[in-house]
Structure formats: C-alpha cells, structure tokens
1. At q = 0.09, 0.12 Å⁻¹, work out log10 I(q)/I(0) for segment 44-190 with the Debye formula, treating every Cα as an identical point scatterer and leaving solvent out; two decimals please.
2. Label-point separation (nm) for TYR73 and VAL55, each offset 7 Å from Cα along Cα-to-Cβ?
3. List TYR100, TYR88 from most exposed to least, where exposure is judged by having the fewest other Cβ atoms within 10 Å.
4. Using packing as a proxy for protection, rank 48-59, 109-120 so that the peptide with the highest average count of other Cβ atoms within 10 Å comes first.
Amino acid sequence: MNKVLIVCFLIIGVFCGYAQENEEDVTKVEVVNQYEEVEILEKNEIRLNALDLIVHPALSLSYERLVNESNGYGISLFANFGDDNTTYQNFSVTPYYRFYFLNRKDYGASGLFVEAFTSFSSVDFDKNKDTNSNKFQFSMGVALGKKWVNRNGFTFELFAGVGRYFIDNGADDYGHPEAHGRFGISIGKRF
C-alpha cells in the first residue's frame, strides 16, 4: 500500500511540474507578444470637421498618414465661406504630428492623442470694418484629443487646442488676438 501511494505521489508531482513549466512558457510568450507593434493595414485617413460646418459655414478637411500604432502626421485645410465674426481665419493650411497614447491593440492609432501643429493662415482681424485687411499669419500650437475607430475603419474624434501667432500685425495696438483656437468634432474613414 505504501509503494502504491509513493508511486501515485511521484506521478502527480511529475504531472504538476510539467504543467507548471508549460504555463510559464505560455506566460512568457504572452508578455513578449504584448510589446510587439500592431500592424495597421489601413494607413491613410480622411476626416471632415463637422464642428466647423455647423458653427460657421466653413469646410475643414484633414488627411492623416499613420506611421505606426503610436504616431501619425497629416494636414488640415480650412476654408471659411461666411462673413460672421466667429473666426478671423479665412483660409488656413495646418500641418500636424500626433502622438497616440492608450491605444487599443486591435486598430492602433486611436485613443488619447497629443498633437503639435503649425498653421499658415489668411486672417482678417478687421471683419467689422468695410476694409479688406487680409494678412498672412504663422502660428504654432498644441492640441489634445481622443479618437475612436470601429471595425469598418470609420473614425470619430474630439480635439481642442490653441496656437500662438508669431507675425506681429499690431495685435497689442489694436486689440487683435495673439492666439487662436483649434477645435473639432470630426468624422472620417481609414483606407
């Protein structure tokens, strides 16, 4: 009886030891795979900023090229078609670079992002007057936002930022703004 118990304990011990080795190997493989880069199949994205379309009659389109799951760069075009005083910008070209954080592994380049941008704009600070005083402005700024991507490649994002003008057009003398906002509620598609 003692010999049977000893053999049973040896067999159980061998199986438990073997099972634990396999479990450690699986855990090591999962940890290694956790830090691998996610392959993004669709690297291009085009978006429409619905907020600009609703707030003032303006068209704002963006194109983004995704470098990997954590980085992307792109350009935004803004054209103001209204005479309202909600924005001083008539036309702008805004190149940007984004850093994505808290990515979901399945789609990549989504989640929280920080954006560094520059803006080349045609600005009319004197819209209330009858004169046409379009001036060229250059600005740099940062924005913070969040992007969601679904399985079909449709995107939705919210962002807000601020940029500072660097060309002096008498902002101190006439009360013109030295900074501008960059806001958006965008809908887009990856391809």
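1. -0.29, -0.50
2. A separation of 2.7 nm, rounded to one decimal place.
3. Numbers: TYR100 22, TYR88 19.
Ascending number of Cβ neighbours within 10 Å: TYR88, TYR100.
4. On the way: 48-59: 16.3, 109-120: 18.7.
Going from most to least packed, we get 109-120, 48-59.
Taken together, the values in this text are just the output of simple stated rules run on the coordinates, not laboratory data. For clarity, every value in this text was computed on a predicted model and none was experimentally measured. No Cβ is skipped: glycine too gets one built from the backbone with ideal geometry, and neighbour counts run over all protein chains shown.
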